[in-house]
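Scroll down for the structure; my scribbles are underneath it.
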Amino acid sequence: MTDTCIRDCHALVPDASGALTLARNQDILVRGNRIAEIRPTGSPLEPGVTVLEANRMLAMPGLINTHAHVPMVLFRGLAEDVPIERWFNEFIWPLESNLTEADVYWGAMLGLIEMIEGGITTVADHYFHMDQVARAVEEAGTRAHLGQAVFASRGYPALAETAAFAERWKGGAGGRITTCMAPHAPYTCDDGFLRASVGHANRLGIGIHIHAAEEMNQTNASVEKRGLTPIQVLRDTGILSVPTLIAHGCGLLPQDIELLARHRDHVGIAHAPKTYLKLAMGITPIRSLRKAGVAVGLATDGAVSNNTLDIFESLRLMTMMQKHEAMDPEVMPIPEALDIATRGSATALGLKDRIGTLAPGYQADIILVDTRGTHWNPPHNLMAGLVYSARASDVDTVMVDGRVILRERRLLTLDKERVLAEVAGTMERMAQRVPEARIQHYKP
């Protein structure tokens, strides 16, 4: 891979104290798949360096989606204006009975295109037929943290298949794929199943991606039935003893946060605010979690509960929801919000030493955001623009692992028209909903 210089950008970088700031008129030098140097524009370049003219666009770390069900784009718009129990039992789990491996592949391709076009370079995906998702990630050129979802009702052979997937794709796509075990949730996986998941994780040297305390009704139901919160169940079954990514945490109690704080070096929370607003799930106690040192990352969840795979939208909603909850406009200032979207998300995935920061030694996952749109002007405060003005369509260039995969809004790795045509051909079949055929029953 040739050396590349991203020339004359405004770069979102940590300052000497570690706080995020904007360094204007910078060159980012990439050698191989890593950032080699960030320096003021104007220094002479060595022969053979490929120059990407940034034209003073804003460079930032590639965005990270810490929790998604990417192929669920196939069901976008099919489960609207219903409470969470009906959402699962009458819509999502019946709809998912339609899925084939080919559907998952094309759904993953469509979701990856949407995320690339929105500047997302890494996704933590938790779904079915994950070999097909891994195949799509490999072709797209993105980075992913993948786990094959499993319910206890599918039995221990299905859990073994999940482990086999994780082993098969660990370090795949030239190191761009990391894997995990993915038991669905404490309310769909009994204690023995969760302990067995931990056993596989320890054997393979990987972590676990799981839904837990998604909303307060789940927490209350768990306490009523077992005398334990879902997070206490994760403790007792050993889940918290391995690297753990928890979605969504709207039902966390103060004692749960104290418990998570004891495991903060390897446990993170994935926060998908649009889903919470749409399904009336409550709000994740982000300020308490961060005060306790627990990593929080941004997520979209699936496109059935969010409708878009847009991290800029999640960033904006998260920031305003935290201000509104506290009734304090000084809560969640811009640098903190951007820290969650970059370094916080990388930390939640256990990748803080590899991605999420523009600095020498980090993987060259970089996006260029075009700030020339009328919604950015006048450009008094570009960091504020990232939080409150930016749109997915502002992303001009995407680089992952030192390779440019989107340039001037043009995809360089995937055939978008082919993907759209393949997905359009499945619409009628994907929309068939037979409640008796649902793959699981929601009853926390």
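So the values come out like this:
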read-out	value
Relative packing of 108-115, 356-363, 325-332, which averages over residues the other C-beta atoms within 10 Å, highest first	108-115, 356-363, 325-332
Pairwise centroid distance, computed over Cα atoms, of segment 178-200 with segment 130-159, Å	14 Å
Per residue Cα convex hull volume in Å³ - calculated over the chain	136 Å³
Shape call, segment 72-168: gyration tensor on alpha carbons, a/c limit 1.5	oblate
Within segment 1-125: Cβ-based charge dipole about Cα centre, in debye rounded to nearest 20 (Lys, Arg +1; Asp, Glu -1)	600 debye
For peptides 122-130, 69-77, 163-171, 420-428, sequence by mean Cβ density within 10 Å, most packed first	122-130, 69-77, 163-171, 420-428
With every protein chain in place, segment 278-334: carbon and sulfur % of accessible area (1.4 Å)	58 percent
Segment 111-266, accessible surface, carbon-and-sulfur percent (1.4 angstrom probe)	50 percent
Sequence-distant lysines (8 or more away, or on other chains) whose Cα lies within less than 25 Å of Lys278	Lys323, Lys443
Nearby lysines by direct alpha-carbon distance to Lys170 (threshold 24 angstrom, same-chain neighbours under 8 apart not counted)	Lys352
With every protein chain in place, segment 362-444: carbon and sulfur % of accessible area (1.4 Å)	49 percent
Nonlocal amide H pairs with Leu20, under 5 Å, H built at 1.01 Å	Asp15
Per-peptide average of other Cβ atoms within 10 Å, ordering 208-216, 174-182 highest first	208-216, 174-182
Distant-in-sequence amide H partners of Leu414 (H built 1.01 Å from N, under 5 Å)	none
Rounded to the nearest 20 debye, dipole of the chain from Cβ charges on Lys, Arg, Asp, Glu	560 debye
Average accessible area per residue (Å²) across the chain - probe 1.4 Å, nucleic acids and ligands excluded	38 Å²
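The values are calculated or read from the model by the stated rules, or taken from the named source; none is laboratory data. A quick note: this is a predicted structure, and the numbers were derived from the prediction, not measured. Using ideal geometry, Cβ is built from the backbone for each residue, glycine included, and neighbour counts are taken over all protein chains shown. Just the protein is used for accessible areas: all its heavy atoms, side chains included, with ligands, DNA and RNA removed. Shrake-Rupley method; radii C 1.70, N 1.55, O 1.52, S 1.80 Å.
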